[in-house]
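Scroll down for the structure; my scribbles are underneath it.
The values are calculated or read from the model by the stated rules, or taken from the named source; none is laboratory data. This structure is a prediction, so every number in the text was calculated from the model and none was measured. Please note: Cβ atoms are built from the backbone with ideal geometry, for glycine as well, and neighbour counts cover all protein chains shown. For accessibility, only protein heavy atoms count, side chains too; no ligands or nucleic acids. Shrake-Rupley method; radii C 1.70, N 1.55, O 1.52, S 1.80 Å.
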Amino acid sequence: MVQFLFFFFKQKTAYEMLRSLVGSEMCIRDRSYPRGSRGSWCNIEINRLDARPGNSIFKQVFNELKKKEMLTHNDLYRGATQQMWYIDFSGEQVMDWGGAFRESFVNLGHDLCSPNNDLLIRVPNFHNNDGFHQDSWLPNPDCQAFEQFEFVGRLMAAAVLSDESLPLRLPPIVWKQISGMHISEQDLRDVDLIWCRNMDQVRSCEYKSPDTNEVFVIAEEDFQPTFPLTWSVRLSSGREKELLPSGVETDVTYIDRHDYVLKAYMMRLEESSKQIQAIQQGLTAIIPIQVLKLWTYKQFDVAVCGTPEIPLAALQENVVWDMDRDAPEVQHLWAAVERFSHEERSLLLRFSTGRSRLPVKLKLSSMGGGPDALPTSHTCFFQLCIPGYRDAQVAYDKIRYAIHNCMEIDGD
């Protein structure tokens, strides 16, 4: 089995492995159909309307699966054709024939990268408003919820092995660590630029004035007044971590500055190692680590999260037609989508299919309701129904309003 996976993964890029699927289940965002038999594979219930810190969507799903003793049921995460769970959203009129499940899976990714959870925290570059990946999140080195981190790894595996995408905003340093790749000072610089610049100054004994950009060479006798450091380092979480016994009480001197910088970098690069290990444990319970090493970290990111950018041409290539592709309303639709940002195109996919990233098939159908009606969607059919808009501006206004204000799956 492992040999087969090695061969299969080597022949396919991560993007190619995420197969497109147009579902035959029945569930729409704004209308109801009679419910058939869902089966009893795994039924859970969460309250998205009450999601908050301590009661996040992720925590609710985690608790539901744990209560049903399904959390470590590996078959739950392996099947590409078996829906992982059937979900009821408390207070929302929804019947899950695929669309609600896909919505919940996307919700998990967005919820993890939010203040509702303690598992992930903002990268330091976000707080400093400087450097790359300011919209990314890191495993919280202070969070000891290792069972939940392991669940994150299992969800990653499920995304790789199915058509679902888990939209996590993780920087390269995290993807590399999870897949067992080497990380370096540059990876840390990409998420905490100011701290790394400070370490550069300590190591070189040069100080750059923030006001004039003038560089001053620091003499040995001026080192400690200029860099009042102790043998400790501040982690991404803000917690101070000692590098030596009684490190917070021991000053860093000019002579041992290189040793200090080396140890500080080692601590920072390994600050979330326990959390990363827990994610790995969940992931590799489903997918062997040797398989992950056949990918680049970028392929791994796309395999789990899907493609964040949605070019108009790529969206058009993934359309399944249930109407005349040359109809005026179709041309108005494309003119409107061309004006959308990548984020708004992601919202359009989520409105129509329950997924927020490519690859995904989108079925286009016409509908009545007049030229001023809002579009509707059948998420379990991956279907967007568009009225006969009279021009591109009306299409832009109506569709944009719908994707920004009508994101809840409801029967009203």
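Quick notes on this one:
- In whole angstrom, the chain maps to an equivalent ellipsoid with semi-axes of 45, 25, 19, each derived as √(5λ) from the alpha carbon gyration tensor and ordered largest first.
- Global geometry of segment 323-412, whether rounded, prolate or oblate, following the gyration tensor of its Cα atoms and the 1.5 cut on a/c: rounded
- The alpha-carbon of K68 sits under 16 angstrom from the alpha-carbons of these lysines, leaving out residues fewer than 8 places away in its chain: K59.
- Translational D in µm²/s for segment 245-320 (Stokes-Einstein at 4 °C, 1.567 mPa s, Kirkwood Rh from C-alpha pairs): 76 µm²/s
- Listed by chain and number, the lysines placed with their C-alpha closer than 19 angstrom to that of K398 are K363; residues fewer than eight positions away on the same chain are left out.
- Calculated FRET value between K298 and D251, using beta carbons and R₀ = 41 Å, to 0.05: 0.45
- Of the DSSP H helices in the chain, those whose Cα atoms cover at least 24 Å axially and whose Kyte score averages 0.5 or more: none
- Portion, in percent, of the accessible area of the chain that falls on carbon or sulfur, probe 1.4 Å: 49 percent
- A straight Cα-to-Cα reach below 21 Å connects K293 with the lysines K10, K12, K176, K274, residues fewer than 8 places away in its own chain not being considered.
- For the chain, the dipole from Cβ point charges (+1 on Lys and Arg, -1 on Asp and Glu) about the Cα centre works out to 1380 debye, to the nearest 20.
- Rounded accessible area per residue of the chain, 1.4 Å, Å²: 46 Å²
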